[in-house]
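Since the structure comes first, as structure tokens, the remarks are kept for the end.
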Amino acid sequence: MEVTSRERMLKNIRHAIISKTDPPFENVDTKSDIFVAHKTPYPDVIFAEAFSETGGKFIYCENEHELITNINALYSNYQLKHTFCCDNEIKELLTINKIPFSDDKESLINSDVSISYCECLIARFGSVLMSSRQATGRKGFIAAPIHIVLAYTDQIVMDIKDAFAIMRQRYGEKGASLMAFVTGASRTADIEKTLVMGAHGPKEVFVFLTEKEKHG
């Protein structure tokens with residue numbers, strides 16, 4: 001029977017997986033950090049710089065009173081009227097401050113802004129980790145033109161591996177069916193290099209970082 005090229009390739013792959021070979025290079029350092037050390041040891045500063053470089057809008061708040069003041073200023077400046085929110089604590093915050101909202105996911109497509117918590121913040125890359133296990137679900141952080149993330153300083157981790165460790169600790173073996181690393185606003189460019197914002201998600205992403213531990 002004639003052996004096809006595909007069968008030969010699969011046979012070679014199986015053989016390579018089964019038969020271990022010695023490393024081709026000796027004295028290779030696999031333990032040293034591959035990243036350049038940051039000038040500052042503070043993860044919140046590292047996150048703010050990295051997140052801002054990607055086009056994200058970072059707002060630091062010393063306490064929840066300042067958080068509310070900054071949110072109200074944002075709503076006033078952008079004339080935001082239709083808010084989508086599913087997180088109970090944030091809904092309570094919005095209600096106290098007389099900011100109308102809807103938690104009906106059918107209304108999300110017509111919302112000006114979506115506001116939610118996050119799983120954590122990854123300092124090195126300025127990324128926000130969102131997941132399907134959150135109240136906002138899979139669409140809450142991509143459908144509205146503006147996404148507001150409320151985070152707390154104890155939610156900042158340095159690297160992606162630290163974020164995965166938190167997810168394993170938080171959800172166990174079940175994990176989440178979707179994890180998304182949001183790094184700035186959604187953008188794409190066509191063949192003529194014309195930059196288009198908001199093509200596959202929000203045009204603007206705000207992170208309000210509060211100097212306080214997250215409730216619960």
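What FRET efficiency, computed as 1/(1 + (r/R0)^6) with R0 = 45 Å and r the Cβ-Cβ distance, is obtained for I18 and Y60, rounded to the nearest 0.05?
The computed FRET efficiency comes out at 0.25.
Putting +1 on Lys and Arg Cβ atoms and -1 on Asp and Glu Cβ atoms, find which of T4, H147, I68 reaches farthest to the positive end of the dipole of the chain.
The residue sitting most towards the positive pole is T4.
So which residue, out of G172, G126, G55, gets the largest mean-square fluctuation from a GNM of the chain using Cα contacts under 10 Å as springs?
In this elastic network of the chain, the residue with the biggest mean-square fluctuation among G172, G126, G55 is G172.
If amide hydrogens are placed 1.01 Å from N in the peptide plane, which non-local residues have theirs closer than 5 Å to the one on K212?
T153, D154
Per DSSP H run of at least 4 residues, take -39500 (n - 2.57); add these up for the chain, divide by its residues and hand me the 222 nm value, nearest 500 deg cm²/dmol.
My calculation for the chain gives -9000 deg cm²/dmol from helical runs alone.
Per residue of region 120-127, what does 6.51 cos²θ - 1.76 cosθ + 1.60 with θ = phi - 60° give for ³J(HN,Hα)? Whole Hz please, x for Gly and Pro, Karplus curve as stated.
Karplus values, whole Hz, x for Gly and Pro: 5, 10, 9, 4, 4, 10, x, 10.
Putting +1 on Lys and Arg Cβ atoms and -1 on Asp and Glu Cβ atoms, find which of F47, F125, T95 reaches farthest to the positive end of the dipole of region 39-210.
Value: F125.
Rank-order 65-73, 150-158 by packing density, defined as the average count of other C-beta atoms within 10 Å over each peptide's residues, highest first.
By packing density, highest mean first, the sequence is 150-158, 65-73.
Looking only at K105, K39, K57, which one moves most when the chain is put into a Gaussian network model with springs between Cα atoms under 10 Å?
Sorting by GNM fluctuation, first place goes to K39.
Using the basic label-point model (7 angstrom from Cα toward the beta carbon), what is the S52 to D104 distance in nanometres?
Result for the modelled spin labels: 4.1 nm.
Please list the non-local residues whose amide H lies under 5 Å from the amide H of S102, H modeled 1.01 Å from N, same-chain partners needing a gap of 5 or more.
Amide H neighbours of S102: T83, F84, C85.
Specify whether the C-alpha gyration tensor of region 1-160 places it in the rounded, prolate or oblate class, a ≥ b ≥ c being the square roots of the eigenvalues: rounded for a/c under 1.5, otherwise prolate if a/b is larger than b/c and oblate if not.
Because a/c hits 1.5 or more and a/b fails to exceed b/c, region 1-160 counts as oblate.
What is the distance in Å between the Cα centroid of region 83-114 and that of region 127-185?
Using only Cα atoms to place each centre, the spacing works out to 19 Å.
Values quoted throughout were computed directly from the atomic coordinates according to the rules given, and no laboratory measurement underlies them. Bear in mind that the values here come from a model prediction, so they are computed numbers and not experimental data. FYI the Cβ positions are ideal-geometry reconstructions off the backbone, even for glycines, and counts take in every protein chain you see.
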